[in-house]
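Accompanying notes for the structure given below.
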Amino acid sequence: DKAIAFFRKAGEHAVKLFANEEAVRHFSRGLELLKSYPDRNNLAEEKLQLQLPLAVSLMHYKGYGDSEVMKAFTKARELCDQIGDTPQIAIALHGMGAYYCTKMEYNTAIKLADRILRIAQKAPDPIPLLLVGHNGQSIDMTLVGESERALKHAQQLFDLYDPQKHQSIIYTFGIDLKVVSMSYSILNLWIRGYPDQAKKMSRDAIMYCRELNHPPSLSFALFLSNVLHFVCGDIMNFKKHTDEFFELTTEYGLILWIGYANILKGWYTCEQGLISKGIAEMRKGLTIFEKAGIKMFQTFNCTLFAIIYSKVGRLDKGLATLEEGLSLVEKNGERFYEAEIYRLKGELLFLQGENEVIVERHYKKAIKVSHSQSAKSLELRAVMSLSKLMMKQGKIEKPREMLSKIFNWFSEGFDTKDLQDAQILLKEFE
């Protein structure tokens with residue numbers, strides 16, 4: 001009994017030191033000892049005290065998409081079912097949801113988060129479960145292109161979250177739930193046309209993480225902040241945060257983020273003119289994803305590769321990459337960047353000398369998709385691309401009216417590259 005208790009405590013201590021591999025060993029040895037006592041009272045409860053933290057530690061050590069991680073969370077859920085009404089089932093369901101989300105199986109992930117919210121309604125203390133459920137939905141809704149619903153779930157989490165009561169959850173899940181919802185809100189605010197609010201959320205999230213002194217949470221915030229700097233054309237801050245992101249994920253062996261760190265670092269290397277080296281770094285990131293079973297955000301990654309391929313004249317390669325992205329959109333429903341894939345495909349087809357009717361069709365598809373998602377930032381990009389094409393065709397009045405309408409919708413973010421480009425284009429119509 002003492003040995004089992006000490007293995008559990010050793011594992012918990014290792015978790016707080018971000019030593020996930022060591023934590024896995026301690027929790028596993030505790031579980032092995034419990035196998036010697038099959039007739040113990042409360043055996044399922046004792047196993048669960050080791051199985052849940054084992055699953056969380058495995059998730060950070062091997063990656064969210066590893067099959068061993070899914071098996072560990074599934075075993076934890078089975079133990080919860082044996083025990084009966086236990087709020088700990090939310091941890092198991094959340095871990096399973098994270099696995100399915102990483103695999104791009106978003107419908108299943110959404111159902112699991114919804115189940116947590118239903119369980120919370122019957123729990124004596126519903127708030128921790130509500131935090132978990134709303135956090136899951138803020139992630140899943142973002143990735144399927146439901147940015148408004150994602151922001152509503154995030155706001156519900158913010159309203160419920162009490163740092164004095166809930167920061168300890170960070171060691172239960174291995175990450176701070178508030179940080180996760182803040183990070184995805186960064187992306188959603190930009191998508192919906194609020195760049196300044198997105199920048200403020202980014203600064204707040206990073207500052208909050210630094211106060212927490214929790215590297216996995218900081219990695220989460222840095223990743224989505226880097227995405228924001230990229231889409232806003234803020235290359236200086238993109239470089240600064242990418243370097244920190246890469247160093248942090250490498251130092252702590254955060255497998256989910258190491259792949260993204262390599263891709264972002266490689267993209268910047270390409271921007272500096274070192275194309276071969278940069279593409280090699282980006283492909284290294286993809287290899288890490290493949291080994292860890294990670295597919296999430298692959299549609300966004302496809303656009304990064306396509307941009308680089310187009311800059312070096314490898315248009316066929318860029319178009320093939322975008323086709324891969326569109327197939328993932330249709331197969332897996334990762335739609336948050338769908339409009340940009342269509343727009344970029346139109347851009348590359350135009351550079352390739354494709355019939356302008358076909359190019360225009362892709363721009364209009366991008367506008368239609370972005371409009372249906374209230375993705376104003378992506379709609380602005382698509383309208384600019386179509387306006388340039390129409391200007392080339394000698395049309396002035398219609399593209400000017402179309403661009404003025406979307407530009408005048410914006411009330412902030414006028415220092416971002418897209419809005420500055422839109423202002424320049426509008427002057428050309430005068």
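The values are calculated or read from the model by the stated rules, or taken from the named source; none is laboratory data. Just so you know, these numbers come straight off a predicted model, no measurement behind them. Quick reminder, even Gly has a Cβ in these numbers, built from the backbone with ideal geometry, and neighbours come from all protein chains shown. Ligands, DNA and RNA are excluded from the accessible area calculation, which covers all protein heavy atoms including side chains. Shrake-Rupley method; radii C 1.70, N 1.55, O 1.52, S 1.80 Å.
Taking region 348-385 as the search range and keeping residues that are among the aliphatic types (A, V, I, L, M) and in contact (Cβ under 8 Å) with a residue 40 or more places away in the chain, which one is farthest from residue 314 (Cα to Cα)?
So in region 348-385, the residues among the aliphatic types (A, V, I, L, M) come out as 348-349, 351, 357-359, 366-367, 369, 375, 378, 380, 382-384.
Filter once more, keeping what is in contact (Cβ under 8 Å) with a residue 40 or more places away in the chain: 348, 351, 375, 378, 380, 382, 384.
Details: 348: 10, 351: 11, 375: 29, 378: 24, 380: 26, 382: 22, 384: 24 Å.
The extreme case among them is 375.
Being among the hydroxyl-bearing types (Ser, Thr, Tyr) and farther than 24 Å from residue 65 by Cα is the filter; apply it to region 265-288 and report the residue that is surrounded by the fewest Cβ atoms within 10 Å (Cβ to Cβ).
Applying the filter and picking the extreme gives 276.
Looking at residue 430, is it farther than 22 Å from residue 350 by Cβ and under 27 Å from the mean Cα position of the chain (by Cα)?
Against the criterion (farther than 22 Å from residue 350 by Cβ and under 27 Å from the mean Cα position of the chain (by Cα)), residue 430 does not qualify.
Condition first: of a type outside the set (A, V, I, L, M, F, W, C) and either on the phi > 0 side of the Ramachandran plot or surrounded by fewer than 24 Cβ atoms within 10 Å (Cβ to Cβ) (or both). Now tell me which residues in region 242-258 satisfy that.
Those that are of a type outside the set (A, V, I, L, M, F, W, C) and either on the phi > 0 side of the Ramachandran plot or surrounded by fewer than 24 Cβ atoms within 10 Å (Cβ to Cβ) (or both): 243, 244, 247, 250, 251, 252, 253.
Which condition number in (1) open to solvent by 10 Å² or more (accessible area, probe 1.4 Å); (2) at pLDDT 95 or above; (3) part of a loop (DSSP other than H, G, I, E, B) is the one that residue 421 fails?
Going through (1) open to solvent by 10 Å² or more (accessible area, probe 1.4 Å); (2) at pLDDT 95 or above; (3) part of a loop (DSSP other than H, G, I, E, B) one by one, residue 421 breaks only (3).
Taking only region 154-174 into account, find how many residues are of a type in the set (A, V, I, L, M, F, W, C), open to solvent by 30 Å² or more (accessible area, probe 1.4 Å) and farther than 26 Å from residue 232 by Cα.
Count: 1.
Which one of these is open to solvent by 30 Å² or more (accessible area, probe 1.4 Å), assigned to a helix (DSSP H, G or I), out of contact with any Lys or Arg (no Cβ under 7 Å at 6 or more places or on another chain) and among the β-branched types (Val, Ile, Thr): 91, 110, 116?
110
Can you name every one of the helices (runs of 4 or more DSSP H) wholly within region 326-397 that holds 3 or more residues which are of a type in the set (Gly, Ala, Ser)?
Counting at least 3 such residues, we get 356-372, 376-392.
Suppose the filter is assigned to a helix (DSSP H, G or I), farther than 20 Å from residue 183 by Cα and modelled with pLDDT of 95 or more; does residue 317 pass it?
Yes, satisfied.
Counting only residues that are free of Cβ contacts under 8 Å to residues at least 24 places away in the same chain and closer than 17 Å to residue 156 by Cα, which one in region 101-140 is nearest to the chain's Cα centre (by Cα)?
Looking at the filtered set, the residue picked out is 114.
For region 124-139, check the following and say yes or no: at least one residue is under 24 Å from residue 24 (Cβ atoms), at pLDDT below 95, part of a loop (DSSP other than H, G, I, E, B) and not β-branched (Val, Ile, Thr).
no
With the requirement that a residue be hydrophobic (A, V, I, L, M, F, W, C) and either open to solvent by 60 Å² or more (accessible area, probe 1.4 Å) or within 21 Å of the chain's Cα centre (by Cα) (or both), what does region 356-365 give you? Working first, answer last.
As a first pass, look at region 356-365 and keep what is hydrophobic (A, V, I, L, M, F, W, C): 357-359.
357, the sole residue that qualifies.
Taking region 398-418 on its own, how many of its residues are surrounded by fewer than 20 Cβ atoms within 10 Å (Cβ to Cβ), in contact (Cβ under 8 Å) with a residue 40 or more places away in the chain and not in a helix (DSSP H, G or I)?
2
Quick test of your reading of the structure: residue 64 fulfils all but one of (1) out of contact with any Ser or Thr (no Cβ under 7 Å at 6 or more places or on another chain); (2) under 30 Å from residue 259 (Cβ atoms); (3) among the hydroxyl-bearing types (Ser, Thr, Tyr); (4) open to solvent by 20 Å² or more (accessible area, probe 1.4 Å). Name the failing condition by number.
Residue 64 satisfies all of (1) out of contact with any Ser or Thr (no Cβ under 7 Å at 6 or more places or on another chain); (2) under 30 Å from residue 259 (Cβ atoms); (3) among the hydroxyl-bearing types (Ser, Thr, Tyr); (4) open to solvent by 20 Å² or more (accessible area, probe 1.4 Å) except (1).
How about region 339-355: which of its residues are modelled with pLDDT of 95 or more, open to solvent by 10 Å² or more (accessible area, probe 1.4 Å) and of a type in the set (Asp, Glu)?
Scanning region 339-355 gives a single hit, 347.
Could you grab me the full set of residues in region 91-115 that are closer than 17 Å to residue 174 by Cβ and of a type in the set (A, V, I, L, M, F, W, C)?
Here is the first cut: in region 91-115, the ones closer than 17 Å to residue 174 by Cβ are 91-99, 101-102.
Of everything in region 91-115, those that are closer than 17 Å to residue 174 by Cβ and of a type in the set (A, V, I, L, M, F, W, C) turn out to be 91, 92, 93, 96, 98, 101.
Being in contact (Cβ under 8 Å) with a residue 24 or more places away in the chain, surrounded by 24 or more Cβ atoms within 10 Å (Cβ to Cβ), more than 12 Å from the chain's Cα centre (by Cα) and closer than 19 Å to residue 205 by Cβ is true for just one of 143, 177, 151. Which residue is that? Break it down stepwise before answering.
Details: 143 fails: more than 12 Å from the chain's Cα centre (by Cα); 151 fails: surrounded by 24 or more Cβ atoms within 10 Å (Cβ to Cβ).
It is 177.
So how many residues does region 1-37 have that are surrounded by 19 or more Cβ atoms within 10 Å (Cβ to Cβ), over 31 Å from the mean Cα position of the chain (by Cα) and small (Gly, Ala, Ser)?
Total satisfying the criteria: 1.
Starting from region 34-45, take each residue that is modelled with pLDDT of 85 or more and list its partners that are open to solvent by less than 80 Å² (accessible area, probe 1.4 Å) and part of a loop (DSSP other than H, G, I, E, B), counting only C-beta distances under 8 angstrom and pairs at least six apart or across chains.
These pairs meet every condition: 34/40.
Pick out the one residue from 201, 207 that is without any contact (Cβ under 8 Å) to a residue 24 or more places away in the chain, part of a helix (DSSP H, G or I), of a type in the set (A, V, I, L, M) and surrounded by fewer than 23 Cβ atoms within 10 Å (Cβ to Cβ).
The match here is 207.
Restricted to region 140-173, and to residues that are of a type in the set (S, T, N, Q) and modelled with pLDDT under 95, which residue is nearest to residue 194 (Cα to Cα)?
It comes out as 167.
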